[in-house]
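Engineer: Next up is a structure, given as structure tokens.
The values are calculated or read from the model by the stated rules, or taken from the named source; none is laboratory data. Model, not experiment: these values are computed from the prediction. Ideal geometry is used to build each Cβ from the backbone, glycine not excepted, and the neighbour counts take in all protein chains shown. Remember, those area values only see protein heavy atoms, side chains included, never the ligands or the DNA or RNA. Shrake-Rupley method; radii C 1.70, N 1.55, O 1.52, S 1.80 Å.
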Amino acid sequence: MAQKLFKMFRSRFKADTISYNTLANGFCLIKRTPKAQEILKEMVERGLNPTITTYNIMLNGFFRAGQIKEAWEFFLQMKKRKCDIDVVTYTTIVHGFGVSGEVEKAQKLFNEMVGAGILPSVATYNALIQVMCKKDSVENAILLFNEMLRKGYLPNGTTYNAIIRGLCHVGKMDNAMEYMDKMNKDGCEPNVQTYNVVIRYYCDEGEIEKGLRVFERMSTGDCLPNLDTYNILISAMFVRKKSDDLLVAGKLLIEMVERGFIPRKFTFNRVLNGLLLTGNQDFAKEILRLVSKSGRLPCHFKL
């Protein structure tokens, strides 16, 4: 449809580089890089010179489609044609190779960029830090984070979330909380993803009380819980099979409904049946009454 509209537009008006870039980007977003290449070819045939934005669109498209070899060959062609390779190009290729597991190549390209006099952006650092946390080691990611600070860069939420997730993944929860506190001090407020990661890992480690304390901290701040937050905590309440934990699950269920979230039928059934089995019939009936009154009862509910 977009291509048909473009052809109609082109027949009446003179398409420019921006028009071709937009169409090529659309094909890259849906992983149809051959069609994007056709657009690039037509653009050149019509006497329009591709810009660095055009090349970056194609490069990102190859990585998005998982065509790592094609991306590398395209990057080499960019160099051969003496394109004005910029920070976006390097950020794209660092992230692309890192995600595909080629961490050493990603680091080498990062160093090549710096050597070429192209200053990394926060996004470039974020790309490499995320890759290191997932594919290399969080210790190396922290070294890069500290280098970033020394050079005067201000980390953003993406930077901190990557480090915090990496620390949680290797079981260094106390360190993760330290970075969460540092995040606050640096004026970079933790978002719901930050909280959910920490809460989830605490619950997975069996530290449910600590997860609940992080949740309380979240509830008293500017960041409100989302549906995932409640689902993580409610699921955790069933691990220890304690009556008190199920009472907490019931309270969380009420709170999530009051905040406008509709629980999944499975979650709703699980909490109410759990309360019934642990002798908390009155509380189960109270929840059913309150949720029914709110009009947020899951469809086809059976108690």
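Engineer: Would you mind checking Lys210/Lys242; Lys69/Lys151; Lys265/Lys293; Lys79/Lys105 for any pair whose Cα atoms are more than 27 angstrom apart?
Structural biologist: With Cα atoms farther than 27 Å apart: Lys69/Lys151.
Engineer: Nearest 10 degrees, 0 to 90: what angle lies between the long axis of helix 87-99 and the longest principal axis of the chain (Cα atoms)?
Structural biologist: Taking Cα atoms only, the helix is inclined about 50 degrees.
Engineer: Applying the Karplus parametrisation 6.51 cos²θ - 1.76 cosθ + 1.60 with θ = phi - 60° to the phi angles of region 173-188, what ³J(HN,Hα) value in whole Hz is obtained for each residue in order, glycine and proline being reported as x?
Structural biologist: Karplus values, whole Hz, x for Gly and Pro: 5, 4, 5, 4, 5, 4, 5, 5, 5, 4, 4, 5, 5, 7, x, 10.
Engineer: Pull up the cross-link candidates among the aspartates and glutamates for Lys31, meaning alpha carbon to alpha carbon under 15 Å and not fewer than 8 places away within one chain.
Structural biologist: Candidates past the 8-residue exclusion: Glu70.
Engineer: What is the list of residues in region 43-79 whose amide nitrogen lies under 17 Å from a point 7 angstrom out from the Cα of Ser100, following Cα to Cβ?
Structural biologist: Only 56-79 fall inside the zone, counting backbone N under 17 Å.
Engineer: Angle, helix 243-258 long axis vs. longest principal axis of the chain, Cα atoms, 0 to 90°, nearest 10?
Structural biologist: Taking Cα atoms only, the helix is inclined about 60 degrees.
Engineer: Turning to a different aspect of this structure: Just add up the charged neighbours of Ala249: K/R +1, D/E -1, any other residue whose Cβ is under 12 Å from the Cβ of Ala249.
Structural biologist: +2
Engineer: List the longest stretch of the chain that has no exposed loop site; here a site is one of the chymotrypsin sites (Phe, Trp or Tyr not before Pro) assigned by DSSP to anything other than H, G, I, E or B, with at most 15 other Cβ within 10 Å.
Structural biologist: That would be 14-237.
Engineer: I need the trypsin sites (Lys or Arg not before Pro) found in region 26-122, filtered to DSSP loop residues with at most 12 other beta carbons within 10 Å of theirs.
Structural biologist: Arg46, Arg81, Lys82
Engineer: Round to the nearest 10 and give me the degree value, 0 to 90, for the angle of helix 192-204's Cα axis relative to the longest principal axis of the chain.
Structural biologist: The angle comes out near 60 degrees.
Engineer: Put a dot 7 Å past each Cα toward the Cβ at Glu216 and Leu76; how far apart are the dots in nm?
Structural biologist: Rounded to a tenth, the inter-label distance reads 6.0 nm.
Engineer: With charges set only on the Cβ (+1 for Lys and Arg, -1 for Asp and Glu), what does the dipole of the chain come to about its Cα centre, in debye to the nearest 20?
Structural biologist: 1340
Engineer: Cut-off 19 Å, label point 7 angstrom out along Cα-to-Cβ of Asp174: give me the residues of region 191-216 whose amide nitrogen falls inside.
Structural biologist: Output list for this probe position: 198-199, 201-214.
Engineer: If I compute solvent accessible area with a 1.4 Å probe over the protein chains, what percent of it on the chain is carbon and sulfur?
Structural biologist: 52
Engineer: On full extension of the chain, what length is gained from Glu42 through Ser243, given 0.36 nm per residue of separation minus the C-alpha to C-alpha distance?
Structural biologist: 65.5 nm
Engineer: Taking the solvent-accessible surface of protein heavy atoms with a 1.4 Å probe, what is the per residue accessible area of region 124-247 in Å²?
Structural biologist: Here the per-residue accessible area is 48 Å².
Engineer: With an 8 Å cut-off on Cα pairs and a minimum separation of 6 or more residues, tell me the relative contact order of region 151-303 in percent.
Structural biologist: It comes to 15 percent, rounded to a whole number.
Engineer: Can you tell me the relative contact order of the chain? Whole percent, Cα pairs under 8 Å, sequence separation 6 or more.
Structural biologist: So the answer I get is 8 percent.
Engineer: Let me ask another. Per residue of region 212-229, in order, report the coupling 6.51 cos²θ - 1.76 cosθ + 1.60 (Karplus, θ = phi - 60°) as ³J(HN,Hα) in whole Hz, putting x for Gly and Pro.
Structural biologist: Result, rounded to whole Hz: 5, 5, 5, 4, 5, 4, 5, 5, 8, x, 8, 9, 8, x, 10, 4, 4, 4.
Engineer: Also, quick follow-up: In nm, what is the difference between 0.36 nm times the number of residues separating Leu119 and Asn191 and their Cα-Cα distance?
Structural biologist: That works out to 23.1 nm of additional length.
Engineer: Relative contact order for region 85-175: what percent, with Cα pairs under 8 Å and sequence separation of 6 or more?
Structural biologist: So the answer I get is 26 percent.
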